[in-house]
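Structure record follows, encoded as structure tokens.
The values are calculated or read from the model by the stated rules, or taken from the named source; none is laboratory data. This is a predicted model, so every value here is computed, not measured. All Cβ positions, even for glycine, are placed from backbone atoms using ideal geometry, and neighbour counts span all protein chains on display.
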Amino acid sequence: MTRPGAVTELQFPVIETGEVDGLILLRTGPAGEKGSIDADFDFTGNEAGTGEPGTGLRVLLIDDDGKVVAETVSAYDGFFFISPVPYGRYHLMLDEKQLRELGYSSGPTRRFEIREDEPVAAGLDLIALTPL
């Protein structure tokens with residue numbers, strides 16, 4: 001039992017993590033832009049097509065084993081944020097089932113790594129392809 005003036009030692013685990021953010025942009029075009037691109041690829045306004053925000057779309061964070069580690073839904077402006085993300089390698093992609101239901105298709109996934117010297121993966125934009 002603790003008493004005034006006594007020191008109590010507490011032990012608890014600390015797990016270092018990172019975070020991921022980006023935008024979902026709608027692009028008019030044909031389906032089939034599958035594959036993945038590295039995190040340092042930058043979507044500009046021209047490459048992203050219309051630049052309209054992808055509102056309310058599910059974003060999936062998938063580890064190297066193909067397991068969905070986390071998911072979130074994009075905000076009104078297409079912005080998404082996932083935290084905490086344990087150190088490791090991941091793919092970021094849109095939920096293909098939801099996209100099909102909405103009449104969209106998925107653009108490329110994004111590959112990236114969260115590690116001690118680079119715990120934040122910012123600006124990982126994703127594209128949802130809308131029908132022509």
Practice prompt. Filter region 69-95 down to residues that are of a type in the set (A, V, I, L, M) and assigned to a strand (DSSP E or B) and give me whichever is nearest to the chain's Cα centre (by Cα).
Written response: L92
Practice prompt. May I ask you to list the residues in region 55-76 that are touching a residue at least 12 places away in the same chain (Cβ under 8 Å) and of a type in the set (A, V, I, L, M)?
Written response: L57, V59, L60, L61, I62, V69, A70, V73, A75
Worksheet entry | Members of region 96-132 found to be over 15 Å from the mean Cα position of the chain (by Cα) and part of a strand (DSSP E or B), listed by number | S105, R115, E118, L129, T130
Worksheet item: What number goes with the only condition from (1) over 21 Å from G103 (Cα atoms); (2) at pLDDT 50 or above; (3) assigned to a loop (DSSP other than H, G, I, E, B); (4) among the polar types (S, T, N, Q) that T44 does not pass?
Response: (2)
